Amino acid sequence: MPRSKKQNLNKDKPPILSRRRISFQAVKGTKDILPEEQPYWDFVRDTVRKIALEYSFGRIDTPIIEDTNIFVRGVGSKTDIVEKEMFTFKDRGGNSISLRPENTAGIVRAYIENGLANKPQPLKLYYLGSMFRYDQPQKGRFREFHQFGFEILGAASPASDAQMILVASNILKALGLSHFSIKINSVGCTLCRPAYKETLVNYYQGQTSRLCTHCKRRLKTNPLRLLDCKEEKCQRLANNAPALIDSLCEECHDHLKEVLEQLDELQIVYSLSARLVRGLDYYTKTVFEIWPEKTKGQEEGSQIALGGGGRYDNLVKDLGGEATPAVGFSCGIERVIMQMTESKIEPPSLRKIHVFLAQLGELARRKALVLFENFRQNGIIVSESFSRGSLKSQLKVADRLGVKLTLILGQKEALEGTILLRDMETGVQELINRDKIVGEVKKRLEKMRRKI
Ligand code: AMP
């Protein structure tokens, strides 16, 4: 029946639409981080904080929204990120605002605005936070994603580049990841890169018909990006393209050589990757990426980088500050966690709930609440369901949680100062003095742990 007729029949009742169930979904490319995933997030954040402290990096938090021009000038107007992937809007005052697609440009803005150049240099900063890119969502690619990142501002030495790679590598190792590789290259500087760009454009002249449509356009706007296009036909051409490394000026060449020597000294394994250019314009000299090792049967193109970074010696000046050499990197937390779960790495804080506390009646509930506190103070994680009345329904919850022990506190036990301790595996129940229950549970959990 058409809706209009149906509504006419029910004209004294509220319109049918207002009673319809509405269902909302998370915005495309965003996701909830549910309680069971949180231990991974805590582990990553705690590890980042710990290592940041060890290498004397200070935390910085910058706003999620910035003036769009910061990214246009910083990341580059002809980059994919700025051209296609930014969430940009006009605020009520008509200013163009963007959700940050990355954090280096924002940090540089903060460095200049807050006069951080006056602090002892180099200034070592780290961050944790969400970034936004309007990209096609797929495995490991989201529209809201999270990064941890490190920056050293006011540092020209190749030792700082090597330290960045060391920090990134040590964080991944501390998280239990060992199967990753580090790719490194140099994208030169304003002195040597223009000549290389010309050589590259010349190389592609006469072969443009063999390029994908993106690359045909990029050849005019951002020719370096042709080198890391994922299209097979473009890769074939890129493989034979002149290498940037052969066109470096003496300073860039020596800088790269020193970074590599430092990495050798630190016994960090890396591979030189002539086609690595990164998708942001602000890089100068060193660039690097960290990739998970290919698993069996995995295609080259299906792989996704865990992180990347490099030197950006012109960015502070480009955004209005004094010329300040700098270097940094960021890693995607979702991708790091994905790699951890694929490698079956469990965070240490993934603690299972071992005890369920069931109660029957008003007095028992009150006593149970106190007991719950005793357990918590003794470091034992207890779950309960205070709102459920029947023992049967509470035991059902305990069962679903997969707990080892359930404590049952009824009216009788509440009055007598006792409690029932039920072993969920055997179903055996024992009456225990309530004063002794915390110690008794501790003892049994310890015994169970030893058995595992
Ligand atoms: P980029 O500077 O673009 O190389 O990003 C640094 C790291 O952030 C990447 O290596 C990824 O781990 C992560 N990342 C970048 N874009 C996304 C995305 N759309 N979804 C999830 N992680 C991302």
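Quick one: which residues, 5+ away or cross-chain, put their amide H under 5 Å from the amide H of residue 306? H built at 1.01 Å from N.
The list, which skips near neighbours in sequence, is 290, 291.
What is the ratio of the Cα radius of gyration of the chain to 2.2 N^0.38 Å, where N is its residue count, to two decimals? Write down the numbers at each step before the final one.
Values: Rg = 29.2 Å, N = 452, 2.2 N^0.38 = 22.5 Å.
Rg over 2.2 N^0.38 Å, computed on Cα atoms: 1.30.
Kindly provide the GluC sites (Glu not before Pro) of the stretch 373-452 that DSSP labels as loop, not H, G, I, E or B, and whose Cβ sees at most 12 other Cβ atoms within 10 Å.
Details: sites: 373, 384, 413, 416, 425, 430, 440, 446; in loops: 425.
Loop-located and lightly packed - 425.
What's log10 of I(q)/I(0) for the stretch 355-443 at q = 0.15, 0.18, 0.19, 0.26 Å⁻¹, Debye sum over Cα points only, no solvent?
Treating every Cα as an identical point scatterer, log10 I(q)/I(0) equals -0.47, -0.70, -0.79, -1.60.
Under a 1.4 Å probe, what is the accessible area of the stretch 355-443 per residue, stated in Å²? Mind dumping the intermediate values first?
Values: 4970 Å² over 89 residues.
Value returned for the stretch 355-443: 56 Å² of accessible area per residue.
Using unit Cβ charges (K, R positive; D, E negative) and no other charged atoms, how large, in debye to the nearest 20, is the dipole of the chain about its Cα centre?
Numbers: 72 positive and 55 negative charges, 561 e Å.
With only Lys, Arg, Asp and Glu charged at Cβ, the dipole is about 2700 debye.
Give the carbon-plus-sulfur fraction of the accessible surface of the stretch 355-443 in %, rounded to a whole number; probe 1.4 Å, heavy atoms of protein chains only. Don't skip to the answer; put the middle values down first.
Values: 2460 of 4970 Å².
Solvent-exposed carbon and sulfur of the stretch 355-443 make up 50 percent of the total.
Of 410, 439, 390, which is farthest towards the positive pole of the stretch 355-443's charge dipole, taken about the Cα centre with +1 and -1 on the beta-carbons of Lys, Arg and Asp, Glu respectively?
Looking along the dipole axis, the top candidate is 390.
Run through the stretch 340-393 and list the chymotrypsin sites (Phe, Trp or Tyr not before Pro) located in a DSSP loop whose Cβ has at most 16 other Cβ atoms within 10 Å. Write out the running numbers ahead of the final one.
On the way: sites: 356, 372, 375, 386; in loops: 386.
Here the chymotrypsin sites (Phe, Trp or Tyr not before Pro) that fit, given the DSSP loop and packing criteria, are 386.
How much of the accessible area of the stretch 189-271, probe 1.4 Å, is carbon plus sulfur, in whole percent?
Working: 2280 of 4950 Å².
The value for the stretch 189-271 is 46 percent carbon and sulfur by accessible area.
Report the FRET efficiency, 1/(1 + (r/R0)^6), for residue 344 and residue 366, where r is their Cβ-Cβ distance and R0 is 35 Å, rounded to 0.05.
Details: r = 43 Å, r/R0 = 1.24.
For residue 344 and residue 366, the calculated efficiency is 0.20.
Select from the stretch 136-204 those trypsin sites (Lys or Arg not before Pro) which occupy a DSSP coil region and have at most 13 other Cβ atoms within 10 Å, ordered by residue number.
Passing sites in the stretch 136-204 are 139.
When Lys and Arg each count +1 and Asp and Glu each count -1, what net charge do the other residues less than 14 Å away from residue 54, Cβ to Cβ, add up to? Could you put the intermediate results ahead of the total?
Numbers: positive: 49, 50, 59, 124, 173; negative: 46.
Result for the local shell: +4.
Pairs 396/436; 173/294; 84/216; 183/230: which are spaced more than 23 Å apart, C-alpha to C-alpha? Could you put the intermediate results ahead of the total?
Values: 396/436 26 Å; 173/294 17 Å; 84/216 17 Å; 183/230 16 Å.
396/436, as the Cα separations exceed 23 Å there.
Hey, for a label at residue 214 modelled as a point 7 Å past Cα toward Cβ, could you say which residues of the stretch 234-277 have their backbone N under 18 Å away?
Answer for the stretch 234-277: 234-239, 275-277.
Considering the zone a paramagnetic label at residue 433 would reach in this model (a point 7 Å from Cα along the Cα-to-Cβ line), which residues of the stretch 355-389 have amide N under 19 Å from it?
Answer for the stretch 355-389: 371, 374-375.
Out of all DSSP beta bridges with both ends in the chain, state the antiparallel percent to the nearest 5. Let's see the in-between values first.
Working: 50 of 62 bridges.
Roughly 80 percent of the beta bridges in the chain run antiparallel, per DSSP.
The values are calculated or read from the model by the stated rules, or taken from the named source; none is laboratory data. Owing to the predicted nature of the structure, the values given are computational and were not obtained by experimental measurement. Positions of Cβ are backbone-derived with ideal geometry, glycine not excepted, and every protein chain shown enters the neighbour counts. In case anyone asks, the SASA skips ligands and DNA or RNA and just uses the protein heavy atoms, side chains included. Shrake-Rupley method; radii C 1.70, N 1.55, O 1.52, S 1.80 Å.
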